[in-house]
Structures are given as C-alpha cells and as structure tokens.
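This report concerns only the one structure given below.
Just so it is clear, none of the values below were taken in a lab; they were calculated from the coordinates. Fair warning: this is a prediction, and the values are worked out from it, not measured in the lab. With ideal geometry, Cβ positions are generated from the backbone for all residues, glycine too; neighbour counts draw on all protein chains shown.
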Amino acid sequence: MSPVELNPGRESVGASLNPLGMNGIEFIEFATTKPQALGQVLEMLGYRPIARHRSREVLLYRQGDMNVIINAHPSGRPALGRQSDAPTIAAIALRVRDAGAAYQRALDRGAWPIKSDVRPMELNIPAIHGVGHSRIYFVDRYREFSIYDVDFIPIPTVDAHPPALADFAFFGVVQYIGSERLADWTEFYSQLFGFEVVPDELRFGILPKGRVLRSPCGGFFLQLIEPEPTVWDVASDECLQRVALSTPDVLGAVKTLRARGLDFTETQDLHSEDRGALTQTYLGGVSFELVHRDPA
C-alpha cells in the first residue's frame, strides 16, 4: 500500500468545501547538503535569512508572507537519494484551522503518519507522507504566535518581515508523478484535503502540461505532471519538482531578478512572457516558476 491508496468506504469531501479550514502554505522546506549555495539562490529571488533553528542545521528564509526553510541537518535529508546532492523539496506545511484534527482526518482516510523526531523544548508538528520522500505538515500556529517563535532564534539586526520582491506570493508547487498515476494523486489530494480539479480550459503560466488542482481555500495550486525524461531531463521518480510564485507583473519581475543575477530559460519554445517565466536550473535541480496573477 502507498500513501495514495486511500481507504475505501470513507465519506467524500462533499459536505465541506474546506474540511480542514486550510488557509494557504505556511512554509516550503528544501533538503540539501549545500545550504549556503541554495541560500544564495533564494536571496537572488528576494528571500532573506531571518532565523536559525535552536538545535539543528536549519535556516528560515522569508519575504512577504512566504517562508522557506533550508534543512541541512543529516536527519532532514532523506530526499537526497533521488539525485546525488541536488537540493530537493522535502516538505510542504499547510496552514489549517486545527493541526491535530487535520492530522487525524488524514490518517482516517489512509494517510501514512510520520514518526516524530522532536527534541526537548521543540514543537511537535504533525505530518504525513507525501510524494516520494516528502512530508506534508499541518500548522495551526501562524498568526500572532507562530511555530518559529519556539524553534528558531532570530538573526540579530535582520528585518524579520522583509517585503516581498515584485509583490511575490506562493502560487503553488509542481509535482512529477509516475505513469498512469494521475487518478491516484488526484484522489489523494481531493479526499484528504479537499482540492478540486481546475477545468482544462483554465490554465496558468507558460507550462500548461498535466492537471491543475486548486486548494479548498483558493490560495494556491498543485500541478500534477507526468514528465517526459527526454524533454525534461529529470529522474523518473515521483517528487515535488519546483515552486511557483505569482506576481502581477511577470516581465517586470524577470527584469528585476536578472539584475540580481538570476537567469531565465529562453528558447524558441519556452521563454519569458506576460503569462509566466521559468528560471534556469541551479545546483543540479532547483528552479522556480513565475506565474501572472491579476493585481486585484
């Protein structure tokens, strides 16, 4: 049995459009053996390091309302077996109304729990297995009091709330899936979390492949893609492949990021335009996608 083989006979999401009280993404976590190199890429993208974990080799980066965690602690790097030492997206944390209830609901529907590795004085954040070696966390402390207030120490003299460059916000995450696994993963996200399939005629960005799922809060999207290795030059393993950021002015953002040293993919078939853009791949596997959003 895999994490996407859900228990039969469970009730459908139907009764609630947002069963977990989901309210967006709290953080994206990267696992890497090269935290400084990955940090440089994030800083070109507008993120700033604002805090260090109290007991682990973990750094918190932020811009605007978006948190990114770089985890270089040995126990936090199970995902690195997929592609040498290339950084990987190791986890997504979802903001929910009640973390304990969300976790239990996921287990009741067949999700696999993650064994906690919490040290004294650290928060126990419930999590389940996601695609590949990744984790899905449930976080309900993200307003006045957050998880970082307990587990992280602020970096002195650094602004803890740096503004978002180019008005960036999390748009979503691209997930590569195995052949003929589209129905499995669609069911996984719809039954456990309440995601809905976006009609094919409604597409985003410049990479319209695969199926797009909208979160029940409407705040972000997941894109499920069956990759073509000869085209994408990636491993066939299922994984979280890249993060997408939205901005009201894609070409303006591209210009700003280029001035900061970030390069973009520009070919005859794939190039920056009003709808979106794709950065070049860094450190053997890290890229970011920009997607247009309405300024309203």
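Of note:
- Computed from the Cβ-Cβ distance with R0 of 35 Å, the FRET efficiency linking Asp249 to Lys115 stands at 0.20.
- Distances between every pair of Cα atoms in the chain, grouped in 10 Å steps from 0 to the bin holding the largest one, split as 6, 28, 38, 23, 5, 0 percent.
- Ascending count of other beta-carbon atoms within 10 Å, so fewest first, for Cys239, Cys217: Cys217, Cys239
- Kirkwood-type radius of region 13-154, with distances r between different C-alpha atoms, in Å: 15.8
- Once the Cα-Cα distance is subtracted from the 0.36 nm per residue extended length, the Arg52 to Arg260 segment shows a gain of 72.4 nm.
- Relative contact order (%) - the chain, alpha-carbon pairs under 8 angstrom, separation at least six: 21
- Taking max minus min of the alpha-carbon positions on each principal axis, region 165-292 gives extents of 43, 34, 25 Å, largest first.
- Region 111-191: C-alpha pair distances exceeding 18 Å, %: 64
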